[in-house]
Amino acid sequence: ELSIEYLKKQIDSGVDYVKIFDSWAGLLKGKEYNRYIIEPNKRISEEINKYSPKTMKIFFPRGSNRNYLKFIKEVKPNVIALDNNFPEEVFSFAKKNDVVLQGNLNPSLLLKGGKRLKEQTKKILKTFECHKHIFNLSHGVLPQTPLENVEKLVETVRNFYET
């Protein structure tokens, strides 16, 4: 209830997108996943649709692994944020149902930087290039990440699309 009210206030303040983070979603399985992850997020999605149908909804059920597809089917996000591990079926379902994919670079790669960061960034961009995709980390920038690594990441993404 509080999340719904908070998101409504965000919408009233002029946002075009709302993002719902469920950082511990991957800890639950089966009936518990349905009860504590699917059902509350589905309710949030439905209430936001009723309140402001044009507001886009991004959901991030972190660590959902095999449950990402079930989550997308039942919650019906406009955008699904993904971490490093999700089933391949997400690609085809998202494409058929106009769901945008967001993610999914591992933050530890950004922290380490170097050649591997550039390679993995390009690999993700190539993997997602036939889909609506927002490049992002799977879950936040680690506090000790050097700024120059972030700059290199942005440069790599920009250069990928310019070539």
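Computed values, structure above
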| read-out | value |
| --- | --- |
| Relative contact order (%) - criterion: Cα under 8 Å, at least six apart; region: segment 1-130 | 21 |
| Under-5 Å amide H pairs with Lys19, H placed in peptide plane, nonlocal only | Ile58 |
| Full-stretch length increase - Asp98, Lys73 - with 0.36 nm per residue and alpha-carbon distance subtracted | 7.8 nm |
| Accessible surface, the chain, averaged per residue in Å² (probe 1.4 Å) | 60 |
| Hz values of 3J(HN,Hα) by residue in segment 62-77 - Karplus curve (6.51, -1.76, 1.60), Gly and Pro given as x | 3, x, 6, 6, 5, 7, 4, 5, 4, 4, 4, 4, 8, 8, 6, x |
| Where only C-alpha atoms are counted, convex hull volume of segment 22-96 per residue in Å³ | 81 |
| Point-charge dipole on Cβ atoms (K/R +1, D/E -1) for segment 13-163, about Cα centre, debye to 20 | 300 |
| Using θ = phi - 60° and Karplus 6.51 cos²θ - 1.76 cosθ + 1.60, couplings along segment 134-139 (whole Hz; Gly, Pro as x) | 10, 5, 6, 6, 6, 6 |
| Anchor Lys126: lysines whose Cα lies under 23 Å away (excluding residues fewer than 8 positions away in-chain) | Lys95, Lys96, Lys112, Lys115, Lys118, Lys152 |
| Placed amide H near His133: partners under 5 Å, 5+ positions off or other chain | Leu101 |
| Other-chain or far-sequence residues with amide H under 5 Å of Ser138's (modelled H) | Leu105, Asn106 |
| Residues in segment 83-109 that a label on Tyr17 would reach, taking backbone N under 19 Å of a point 7 Å out along Cα→Cβ | 83-84, 91, 94-107 |
| Karplus (6.51, -1.76, 1.60) ³J(HN,Hα), θ = phi - 60°, over segment 104-114, in Hz, Gly and Pro reported as x | 8, 5, 5, x, 5, 5, 5, 4, 6, x, x |
| Estimated translational D of segment 76-163 in µm²/s (Stokes, Kirkwood radius over Cα pairs; 10 °C; 1.306 mPa s) | 118 |
| Highest to lowest packing among 69-81, 114-126, 38-50, 1-13, scored as the average C-beta count within 10 Å | 69-81, 38-50, 114-126, 1-13 |
| Rg/Rh for segment 119-163, where both radii come from Cα atoms and Rh is the Kirkwood radius | 0.98 |
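The values are calculated or read from the model by the stated rules, or taken from the named source; none is laboratory data. Here the structure is a predicted model, which means the values were calculated and not measured. Neighbour counts run over all protein chains shown; Cβ positions are idealised from the backbone, glycine included. When the accessible area is computed, the model is the full protein with side chains, heavy atoms only, and any ligands, DNA or RNA have been set aside. Shrake-Rupley method; radii C 1.70, N 1.55, O 1.52, S 1.80 Å.
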